Structures are given as structure tokens and as C-alpha cells.
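Asker: I am attaching a structure below and will ask some questions about it afterwards.
The values are calculated or read from the model by the stated rules, or taken from the named source; none is laboratory data. These numbers come from a predicted model, not from an experiment. All Cβ positions, even for glycine, are placed from backbone atoms using ideal geometry, and neighbour counts span all protein chains on display. For accessibility, only protein heavy atoms count, side chains too; no ligands or nucleic acids. Shrake-Rupley method; radii C 1.70, N 1.55, O 1.52, S 1.80 Å.
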Amino acid sequence: MKRLVQKGTGPRRDLYLLLALSVLFSLGLVVAGAWYTDQRYFQPHYRYLVWNLFLAAIPFAISSILRNHAKRLSALILAFGAALWLLFFPNAPYILTDFFHLSNNQAVPGWYDLMVILSFAWNGLVLGFVSLQDMQVKIAKRWGSLFAWGFAFVSLGLGSFGIYIGRYLRWNSWDIVTNPFSLVYDIIPRVLDPLAHPGTWGMTVVFTVFLTLCYLTLVRFSRTF
């Protein structure tokens, strides 16, 4: 794990470069789709992907800031930063649900539509997992490895629940500040009576298992080289 998060090392610079190239590839697909369909900027069908990728980059930005300044931060500030990161973390894997928009879009070929969504979903996952790995490493240094792994697993579970409330209840991360009472009013019944909401917890559990397996694979792979 530490190979990917050591400050100033070659592997870290390579990671940033690969992320930048991957994001540029996704944006390039959008621009090419605009050219193909004679749109001025980009096809309106893909606007939500660009916005969702921007939101997916927020937890990555937060974890990068905490990573670079963790030694100078108090435990309280680091805990606040972790909570802020957790608030935005679901936006990263959320892009997986944009496959719901995959349809027989007549403006571009079906394979192209698939490739655009796949590339954005991939970037969202990678940004989310790298940011989670950064958070885990910093938390391990401050509070121990066991606590850090617990934080990682809880984050993946809460992130999966966040995907559900974002996709189906249509809440955003900032609604916890702008509209907290309505948000809590929507969530509480699902927590107090989970059997009455099988769709909520079915999706949450399945996504939690999937994201956990993906994350553990990433961690194991990062230790291989």
C-alpha cells in the first residue's frame, strides 16, 4: 500500500500522470462525440457524466490535501477532514450507476455510448479507491492499522448506502448542510425498519461486497510491485 502513497516518489507521480491521461481520454470521448453529432461543445447526453466525474474528484482532492499536510494537522482536524471526505466519497463509485443511462442512443453508436460511460465509471472508481487508500494510510499512522481497516470497510458500506440515496432518493452530498431535516426524514425509516425497504439494503449490501472486493484487489495488486 505504501508504494502508492509515499510523498514525492516516482510511483506517485506515475499515478497522477495515469489518472490525468485517463480523465483526458474520457473527456476526449465526449468531445469526439460532440464532433460526430455536430454539437457545439459536447453532446447533452453526456453532461451528467462530466459533472459526476467532477464530484468524484472531490474526495480525491480532500485526501490529497490531508495526505500532504497530515503531519501538521491535529487529530481533531484530521478527524474532521476524514468526515468531510466520507461525505463526498459516495460520489466516486456513484458513476457506476450511470450505466442506467445506457440505451439505444441514436446519436452515436451503441459501442461508443458504452465506452464513454465505462471510461467515466472507471475513473470514478480509481479516484475513489486511491483516495480511500490515502485516508487509510494516514489514519493507520495516527490511530493504528486495525482502526484504519475498520474505517475503510465502514466507508465502503456507507458509500454504497450513499449511492442508493443518491440514485433513487436523489439526494446530494451537500444536502446534509442545505436540507438536513428532509434528508434525515428520508433515511430514518430505512434504518429503523430495514425489512420494509429490501431494495435499499439489497443494493447497499451488493454494492458493499462488490466495492470491497475491488478495493482489496487494488490493495493486493499495489503490494505486488
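Asker: Compare 76, 84 by solvent-accessible area with a 1.4 Å probe and give them largest first, with all protein chains kept in place. Each step should come with its number before you reach the end.
Answerer: Values: 76 140, 84 65 Å².
Per-residue accessible area, sorted high to low, gives 76, 84.
Asker: Here's a follow-up. Efficiency by 1/(1 + (r/R0)^6): what FRET value for residue 220 and residue 186, r their Cβ-Cβ distance, R0 = 25 Å, to the nearest 0.05?
Answerer: Working: r = 37 Å, r/R0 = 1.48.
Computed FRET efficiency for residue 220 and residue 186 comes out at 0.10.
Asker: Taking a probe of 1.4 angstrom, what is the accessible area of residue 204 in Å², to the nearest 10?
Answerer: 10
Asker: Considering only protein heavy atoms, what is the solvent-accessible area of residue 100 at a probe of 1.4 Å, reported in Å² to the nearest 10?
Answerer: 130
Asker: Need one number: nm distance between label points at residue 73 and residue 149, each 7 Å from Cα along Cα→Cβ, rounded to one decimal.
Answerer: 2.3
Asker: Looking at the square roots a ≥ b ≥ c of the eigenvalues of the Cα gyration tensor of the range 59-192, which shape do they give, rounded for a/c under 1.5, prolate if a/b is larger than b/c, or oblate?
Answerer: On the way: a/c = 2.46, a/b = 1.47, b/c = 1.67.
Here the range 59-192 falls in the oblate category.
Asker: Across the range 26-35, in residue order, what do the Karplus-derived ³J(HN,Hα) couplings come to in whole Hz, using 6.51 cos²θ - 1.76 cosθ + 1.60 with θ = phi - 60° and x for Gly and Pro?
Answerer: Per residue, the Karplus-derived 3J(HN,Hα) values read 4, 5, x, 4, 5, 5, 5, x, 5, 4 Hz.
Asker: Sticking with this one: State the extension gain, in nm to one decimal, for the chain segment bounded by residue 111 and residue 174, taking 0.36 nm per residue of separation less the distance between their alpha-carbons. All intermediate terms of the calculation are to be shown ahead of the outcome.
Answerer: Details: separation 63, 0.36 × 63 = 22.68 nm, distance 3.43 nm.
Working it through step by step, the gained length comes to 19.3 nm.
Asker: Beyond 14 Å, what share of the Cα-Cα pairs of the range 123-174 is found? Please give it as a whole percent. Working shown, then result.
Answerer: Values: 795 of 1326 pairs.
Roughly 60 percent, rounded to a whole number.
Asker: Then there's this: Roughly speaking, what % of Cα-Cα pairs in the chain are separated by over 33 Å, rounded to a whole number? Mind showing how you got there, number by number?
Answerer: Values: 5182 of 25200 pairs.
The share of Cα pairs beyond 33 Å in the chain comes to 21 percent.
Asker: Next question. Based on a Kirkwood Rh over C-alpha pairs, give the Stokes-Einstein translational diffusion coefficient of the range 91-145 at 25 °C and viscosity 0.890 mPa s in µm²/s. Show your work: numbers first, answer last.
Answerer: Working: Rh = 12.9 Å.
Rounded to a whole number, D works out at 190 µm²/s.
Asker: Accessible surface of residue 46 in the full protein assembly, 1.4 angstrom probe, to the nearest 10 Å²?
Answerer: 0
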